[in-house]
Amino acid sequence: YPIRVQSMTTTDSMDTKSTVEQSIRMIEAGCEYVRITAPSIKEARNLAEIKKELRNRGYTTPIIADIHFTPNAALVAARIVEKVRINPGNFADRKKFQKIEYTDQSYKDELERIHDRFAPLVKECKEEGCALRIGSNHGSLSDRILSRYGDTPLGMVESAMEFLRICEDYNYYEIVLSMKASNTRVMVQAYRLLVNKMDAEGMNYPLHLGVTEAGEGEDGRIKSAVGIGTLLEDGLGDTIRVSLTEEPEYEIPVAKTLLERYTHRSEHEKIAGHSNYDLSPFEYLPRITHSVLNIGGDNVPRVMADLALEPKINR
């Protein structure tokens with residue numbers, strides 16, 4: 001199946017004409033999913049007008065509603081568009097920049113509160129046949145997640161997994177996940193860790209890849225290629241967005257160029273796995289070695305250098 005390209009409008013979502021015109025430019029450039037922000041209920045309702053006008057003009061490209069902070073807007077959007085994107089960092093939690101020490105019980109109580117806030121959207125999406133993207137963002141993790149996991153890839157992953165487990169509680173599986181960050185190393189680590197965590201729980205969901213605020217010009221294109229390309233090489237990714245501080249239609253050719261290498265996903269023979277891995281890519285621990293003279297084992301680490309080609313060695 002093909003890896004799809006998406007982009008996001010930059011217009012006022014209440015300006016139907018401008019949003020439709022920009023969406024058409026994106027679609028004609030090759031955009032396969034159009035994402036439109038809906039920060040409040042009124043913008044969510046206006047998505048119906050935007051969708052209607054696009055359909056009247058012959059464009060059937062799926063629309064994604066981008067929701068932050070407002071669960072009720074997500075409920076409205078789920079009845080209109082093909083997919084709703086929510087950020088688990090701010091869907092049920094307001095960021096107050098407070099560090100709180102949670103006991104196991106108080107943390108469990110918070111998860112139950114999140115369940116109560118999120119469950120109505122899960123039910124609505126399931127009833128309406130609307131897909132859902134759970135999109136963690138490195139820059140907007142909740143105070144609760146930061147207090148327990150810190151500003152880390154693990155925090156991003158756990159933030160999404162909490163919401164994903166709620167979806168599965170209701171047998172809702174039309175889900176895409178993303179782990180976006182402006183730091184490409186954090187982004188790559190988060191996606192890899194997410195796949196590892198999902199695999200451990202018997203889950204397998206599509207991934208949307210993107211680098212947040214990659215920038216403009218050559219720098220933005222290189223940064224996106226580093227982050228997205230690394231994960232595509234891992235065999236990860238089902239949709240991508242190259243996020244540039246330029247007109248959104250300019251993002252599409254960059255994304256398509258990135259995908260040229262991955263046009264075909266051919267089947268291959270199953271790769272035999274190992275029953276036991278001595279090392280984990282997610283745990284940074286020194287390897288266990290045995291002593292040779294005063295090197296290795298429990299000895300103090302030694303730094304070695306080859307000076308054979310040095311013309312002169314100063315003592």
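Looking at region 139-178, which of its residues are of a type in the set (Gly, Ala, Ser) and at negative phi? Passing the criteria: Gly139, Ser140, Ser142, Ser147, Gly155, Ser159, Ala160, Ser178.
When Ile86, Ile80 are checked against the criterion of being within 25 Å of the chain's Cα centre (by Cα), in contact (Cβ under 8 Å) with a residue 12 or more places away in the chain and within 17 Å of Ala160 (Cβ to Cβ), a single residue qualifies: Ile86. Would you confirm whether any residue within region 171-183 is out of contact with any His (no Cβ under 7 Å at 6 or more places or on another chain), surrounded by fewer than 14 Cβ atoms within 10 Å (Cβ to Cβ) and over 21 Å from Val84 (Cα atoms)? Taking every residue of region 171-183 in turn, none turns out to be out of contact with any His (no Cβ under 7 Å at 6 or more places or on another chain), surrounded by fewer than 14 Cβ atoms within 10 Å (Cβ to Cβ) and over 21 Å from Val84 (Cα atoms). The set of residues in region 166-218 that are in a helix (DSSP H, G or I), closer than 19 Å to Ala255 by Cβ and polar (S, T, N, Q) contains only Thr184.
What number of residues within region 37-82 satisfy the criterion of being among the β-branched types (Val, Ile, Thr) and more than 17 Å from Met26 (Cα to Cα)? Within region 37-82, residues that are among the β-branched types (Val, Ile, Thr) and more than 17 Å from Met26 (Cα to Cα) number 6.
The condition of being out of contact with any strand residue (DSSP E or B) (no Cβ under 7 Å at 6 or more places or on another chain) and not polar (S, T, N, Q) holds for only one of Gly30, Gly58, that being Gly58. A Cβ distance below 8 Å, combined with a sequence gap of six or more or placement on separate chains, defines the contacts here; from region 129-140, residues that are without any contact (Cβ under 8 Å) to a residue 24 or more places away in the chain reach no residue that is among the charged types (D, E, K, R) and surrounded by fewer than 20 Cβ atoms within 10 Å (Cβ to Cβ). Only one entry in Gly220, Gly202 is on the phi > 0 side of the Ramachandran plot and not basic (Lys, Arg), namely Gly202.
Leu164 - would you say it is of a type in the set (A, V, I, L, M), touching a residue at least 12 places away in the same chain (Cβ under 8 Å) and closer than 17 Å to Gly89 by Cα?
yes
Suppose we keep only residues that are of a type in the set (Lys, Arg) and under 41 Å from the mean Cα position of the chain (by Cα) within region 279-312. Which one would you say is surrounded by the most Cβ atoms within 10 Å (Cβ to Cβ)? Lay out the reasoning, then the answer.
First, the residues of region 279-312 that are of a type in the set (Lys, Arg): 287, 302, 312.
Still in the running and under 41 Å from the mean Cα position of the chain (by Cα): 287, 302.
Values: Arg287: 7, Arg302: 9.
Filtering region 279-312 for residues that are of a type in the set (Lys, Arg) and under 41 Å from the mean Cα position of the chain (by Cα), the one surrounded by the most Cβ atoms within 10 Å (Cβ to Cβ) comes out as Arg302.
Residues in region 214-227 that are acidic (Asp, Glu) and in contact with a Leu (Cβ under 9 Å, 6 or more places away or on another chain): Glu216 alone.
A quick yes/no check of all residues on (1) over 20 Å from Arg261 (Cα atoms); (2) at pLDDT 95 or above; (3) basic (Lys, Arg); (4) out of contact with any strand residue (DSSP E or B) (no Cβ under 9 Å at 6 or more places or on another chain):
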position: Met179; (1), (2), (3), (4): yes, yes, no, no
position: Leu193; (1), (2), (3), (4): yes, yes, no, no
position: Asn204; (1), (2), (3), (4): yes, yes, no, yes
position: Gly220; (1), (2), (3), (4): no, no, no, no
position: Lys223; (1), (2), (3), (4): no, no, yes, no
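When region 85-142 is filtered for residues that are exposed (fewer than 13 other Cβ atoms within 10 Å of the Cβ), among the acidic types (Asp, Glu) and modelled with pLDDT of 90 or more, the ones remaining, listed by number, are Asp109, Glu112, Asp116, Glu127.
The values are calculated or read from the model by the stated rules, or taken from the named source; none is laboratory data. Predicted model only: the values in this text are computed from it and were never measured. Heads up, the Cβs are rebuilt from the backbone with ideal geometry, glycines too, and the neighbour counts pull from every protein chain shown.
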